[in-house]
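A.B. asks: I'd like to ask some things about the structure below.
No value in this document is a laboratory result; all are computed from the given coordinates. It should be emphasised that the depicted structure is a prediction, and the values quoted were computed from it without experimental measurement. Reconstructed Cβ throughout: ideal geometry from the backbone, glycine too, with neighbour counts over all protein chains shown.
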Amino acid sequence: MADIRIQAEPFDTAAETAALISGRGDIGATIAFTGFCRDEGGRLSALELEHYPGMAEAEMARIAREAEERWPLLGLTIIHRFGQIRPGEPIVLVLAASAHRAAAFEAASFMMDYLKTRAPFWKREHLTDGTVGAWVETRAADDAAMERWS
């Protein structure tokens, strides 16, 4: 069963990896993807992330179950932050563990493609000039990446 968390506070990728593999001799590979807030060429002061509590966790659990059905995973941790996140701070962690690297790589990639396009999170830019931008739309490239899993 996947460990799914939505939280305001930052996470520690190394500590999450250590917790996942602690006492385990069956795990041969872990893949950790950490997504960070970018400054978008110096124009972004923060990214505001909102979610629908309950619905977001349920959707993430549903897609995690699909990943666990598709690949022989031995562990899966997904952490997504909300609130105001500054450039350089982590937003999301997908940590997949398996006996072999291929399953871990593919499952982590699948989860990130899903999180970028289908998970119920909304992003709004806060600009360095003090203005608040519009809500960020999903990019066509992200939608195209998601199609490969159909």
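A.B. asks: For the chain, set up a Gaussian network in which alpha carbons nearer than 10 Å are linked by springs, and say which option among ALA14, ALA46, ALA102 fluctuates the most.
C.D. replies: Looking only at ALA14, ALA46, ALA102, the largest GNM fluctuation is found for ALA14.
A.B. asks: Count the net charge of all other residues whose Cβ sits under 11 Å from the Cβ of LEU44, scoring Lys and Arg as +1 and Asp and Glu as -1.
C.D. replies: That sum, taken over residues with Cβ under 11 Å, equals 0.
A.B. asks: Which whole-number percentage describes the relative contact order of the range 31-100, with Cα contacts under 8 Å and a sequence gap of 6 or more?
C.D. replies: About 51 percent, as a whole number.
A.B. asks: Taking 8 Å as the Cα distance limit and 6 or more residues as the minimum spacing, I'd like the relative contact order of the range 92-150 as a percentage.
C.D. replies: About 27 percent, as a whole number.
A.B. asks: What is the spin-label model distance, in nm, from ALA18 to ASP3 if the labels are put 7 Å beyond Cα along the C-beta direction?
C.D. replies: 1.2
A.B. asks: Taking square-rooted eigenvalues a ≥ b ≥ c of the alpha carbon gyration tensor, is the range 67-150 rounded, prolate or oblate, where a/c under 1.5 means rounded and, failing that, a/b exceeding b/c means prolate?
C.D. replies: prolate
A.B. asks: Would you mind counting up the charge near GLY133? Only other residues with Cβ under 13 Å from its Cβ, with Lys and Arg at +1 and Asp and Glu at -1. Before the final figure, lay out the partial values.
C.D. replies: On the way: positive: ARG43, LYS123, ARG124; negative: GLU40, GLU48, GLU125, ASP129, GLU137.
Around GLY133, the surrounding residues sum to -2.
A.B. asks: Note the direction-averaged projected area, equal to a quarter of the hull surface, for the Cα convex hull of the range 1-68, in nm². Walk me through the numbers before you get to the answer.
C.D. replies: Details: hull surface 25.9 nm².
Reported value for the Cα convex hull: 6.5 nm².
A.B. asks: Same structure again: Take the chain, connect every pair of alpha-carbon atoms lying under 10 Å apart with a spring to form a Gaussian network, then pick out the residue of ALA99, ALA134, ALA32 with the largest mean-square fluctuation.
C.D. replies: In the Gaussian network model the winner is ALA134.
A.B. asks: Turning to a different aspect of this structure: Please compute one quarter of the surface area of the Cα convex hull for the chain and express it in square nanometres.
C.D. replies: Directional mean of the projected Cα hull area for the chain stands at 9.1 nm².
A.B. asks: For the range 124-141 and the range 1-71, what is the separation of their C-alpha centers, rounded to whole Å?
C.D. replies: Between the Cα centre of the range 124-141 and that of the range 1-71, the gap is 22 Å.
A.B. asks: While we're here: Counting pairs of alpha carbon atoms under 8 Å apart in space and at least six apart in sequence, what relative contact order in percent does the range 6-150 give?
C.D. replies: Contact order relative to length: 32 percent.
A.B. asks: Next up: If you add up the charges near GLY35, with Lys and Arg at +1 and Asp and Glu at -1, over every other residue whose beta carbon is less than 11 angstrom from its beta carbon, what do you get?
C.D. replies: Charge balance in the 11 Å sphere: +2.
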